[in-house]
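These notes concern the structure reproduced below.
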Amino acid sequence: MLDAKQSEQTWAVILHGGCKPLKTSEVEPNREGLQDALAEAVAVLSSGGSALDAVEAAVRAMEDDPTFNAGRGSKTNAEGEVECDASIMDGETLELGAVCVLKDTLHPVSVARALMPETETLLAGEGAYRFAQRRGLAQPGIGKTLAAAGEGTTTVGCVAMDQQGRLAAATSTGGTGGSKPGRVGDSPLPGLGVYANKAGAISATGQGESIARAMLGARCVIAMENGMSPQEGVDHALTFLGGLPPHSGMIALDAQGRIGWAFTGDQMTVAMATSEAPDLRIEIAGLENAEDA
């Protein structure tokens, strides 16, 4: 782990590809997708780039990969439409951008990033799409292409600390398959599926309704503010899920570059690297629970 007294050349990143149990045929595509996304973030951080750029790059890579339930791999709602949610937050400035119920956009995280300088922190539905159009980020009709392409596994997210000690977080999802049109989960909501400040940064995954009821992200960040390590904070937060439905998880990073992650249910996919251990580390916990293809 990184020490707070080390030089400014330290950096760290962890990302997740969700916590839904995988079919055996999905394991290697998930591993490869995580590796590609992590490599994008490491390239930014190791060259002195910002944590904000790193988390956007990693999440964009996963949105491009139909393996994951975000962007290209988004699930469809009960009416066969793709509605995406995404968010991104700068822990140094508390700038936040989020979009929900967004159609016809391949990279919702970049629409959220474009919103960060604006007064509004969250745009929904048609308003979010019109904003994406104005920023050149909308792709009319692509929703039908995404819906026809099949569905990925689960939500994706990334948290990072750059060489200047700045933290950032991003989360993106294609939603819950078969849900009511207009449904919004935890992913675009600060303190639930995403959050970053100077003490810590988190990204959550799993059933958004349970994450919202437990106020999962906020609990972890507050725990880190009060002196817990990221691992202690994640473990502490997940206890508040209690008897709520499983398959939720979270990744976390603090201002010392320490990493934490945990999950309920059967499985979670994560990838991480630090300046101390720059080799890409991929973990798919609970592989014994992988389902037959």
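So how many residues does the stretch 242-261 have that are within 20 Å of residue 286 (Cα to Cα), buried (at least 18 other Cβ atoms within 10 Å of the Cβ) and either touching a Ser or Thr at 6+ places or on another chain (Cβ under 6 Å) or modelled with pLDDT of 95 or more (or both)?
Summing the residues that are within 20 Å of residue 286 (Cα to Cα), buried (at least 18 other Cβ atoms within 10 Å of the Cβ) and either touching a Ser or Thr at 6+ places or on another chain (Cβ under 6 Å) or modelled with pLDDT of 95 or more (or both) in the stretch 242-261 gives 8.
Identify the residue in the stretch 235-271 that is in a strand (DSSP E or B) and touching a Phe, Trp or Tyr at 6+ places or on another chain (Cβ under 8 Å) and, among all such residues, is farthest from residue 20 (Cα to Cα). Reasoning before the result, please.
Step one: filter the stretch 235-271 for residues in a strand (DSSP E or B), giving 249-254, 259-263, 268-271.
Retained after the next criterion (residues that are touching a Phe, Trp or Tyr at 6+ places or on another chain (Cβ under 8 Å)): 249-252, 268, 270.
Numbers: 249: 10, 250: 13, 251: 15, 252: 19, 268: 7, 270: 12 Å.
Within the stretch 235-271, the match that is farthest from residue 20 (Cα to Cα) is 252.
Taking the condition of being touching a residue at least 12 places away in the same chain (Cβ under 8 Å) and over 16 Å from the mean Cα position of the chain (by Cα), how many residues in the stretch 239-253 meet it? Even if it seems obvious, please write down each step before you answer.
Quick first cut of the stretch 239-253, residues touching a residue at least 12 places away in the same chain (Cβ under 8 Å) only: 240-242, 244-253.
Imposing the further condition that a residue be over 16 Å from the mean Cα position of the chain (by Cα) reduces the set to 240-242, 244-246.
Of the residues in the stretch 239-253, 6 are touching a residue at least 12 places away in the same chain (Cβ under 8 Å) and over 16 Å from the mean Cα position of the chain (by Cα).
Let me spell it out: the conditions are (1) in a strand (DSSP E or B); (2) without any contact (Cβ under 8 Å) to a residue 12 or more places away in the chain; (3) not basic (Lys, Arg), and residue 195 meets all of them except one. Which number is the exception?
Of (1) in a strand (DSSP E or B); (2) without any contact (Cβ under 8 Å) to a residue 12 or more places away in the chain; (3) not basic (Lys, Arg), only one is false for residue 195: (2).
From the list 71, 97, 91, which one is under 18 Å from the mean Cα position of the chain (by Cα), free of Cβ contacts under 8 Å to residues at least 60 places away in the same chain and crowded, with 24+ Cβ neighbours inside 10 Å?
Working: 71 fails: free of Cβ contacts under 8 Å to residues at least 60 places away in the same chain; 91 fails: free of Cβ contacts under 8 Å to residues at least 60 places away in the same chain.
The match here is 97.
Read through the list (1) surrounded by 22 or more Cβ atoms within 10 Å (Cβ to Cβ); (2) in a loop (DSSP other than H, G, I, E, B); (3) hydrophobic (A, V, I, L, M, F, W, C), then give the number of the only condition that residue 277 fails.
(1)
Examine the stretch 207-220 for a residue that is assigned to a strand (DSSP E or B), within 16 Å of the chain's Cα centre (by Cα), modelled with pLDDT under 95 and not small (Gly, Ala, Ser), and state whether such a residue exists. Show your work before the answer.
So the first thing to find is which residues in the stretch 207-220 are assigned to a strand (DSSP E or B), and the list is none.
Within the stretch 207-220, none of the residues are assigned to a strand (DSSP E or B), within 16 Å of the chain's Cα centre (by Cα), modelled with pLDDT under 95 and not small (Gly, Ala, Ser).
Name the pairs whose Cβ atoms lie under 6 Å apart, with the first residue in the stretch 34-46 and in contact (Cβ under 8 Å) with a residue 40 or more places away in the chain, the second surrounded by fewer than 22 Cβ atoms within 10 Å (Cβ to Cβ) and not in a helix (DSSP H, G or I), and 6 or more positions between them or separate chains?
Note: pairs meeting the criteria are 34/282; 35/280; 35/282; 38/280.
Scanning for something closer than 29 Å to residue 252 by Cβ and not hydrophobic (A, V, I, L, M, F, W, C), does the stretch 121-144 turn up at least one residue?
Checked the stretch 121-144: at least one residue is closer than 29 Å to residue 252 by Cβ and not hydrophobic (A, V, I, L, M, F, W, C).
Does at least one position in the stretch 161-175 carry a residue that is of a type in the set (Lys, Arg), in contact with a Gly (Cβ under 7 Å, 6 or more places away or on another chain), surrounded by fewer than 24 Cβ atoms within 10 Å (Cβ to Cβ) and not in a strand (DSSP E or B)? Step through it out loud before you land on a result.
Pass one, the stretch 161-175, residues of a type in the set (Lys, Arg): 166.
Add one more test, that the residue is in contact with a Gly (Cβ under 7 Å, 6 or more places away or on another chain), and what stays is 166.
Still in the list and also surrounded by fewer than 24 Cβ atoms within 10 Å (Cβ to Cβ): 166.
Applying the additional criterion that residues be not in a strand (DSSP E or B) yields 166.
The answer is yes; a qualifying residue exists.
Give me the residue from the stretch 12-58 that is buried (at least 18 other Cβ atoms within 10 Å of the Cβ) and among the polar types (S, T, N, Q) and, out of that set, modelled with the lowest pLDDT.
Step by step, filter the stretch 12-58, then rank; the result is 30.
Would you say residue 277 is free of Cβ contacts under 8 Å to residues at least 12 places away in the same chain and more than 17 Å from the chain's Cα centre (by Cα)? Spell out the reasoning first.
Details: free of Cβ contacts under 8 Å to residues at least 12 places away in the same chain: yes; more than 17 Å from the chain's Cα centre (by Cα): yes.
Yes.
The values are calculated or read from the model by the stated rules, or taken from the named source; none is laboratory data. These numbers were taken from a predicted model, which means no experiment stands behind them. Don't worry about glycine lacking a Cβ; one is built from the backbone with ideal geometry, like all the others, and counts go over all protein chains shown.
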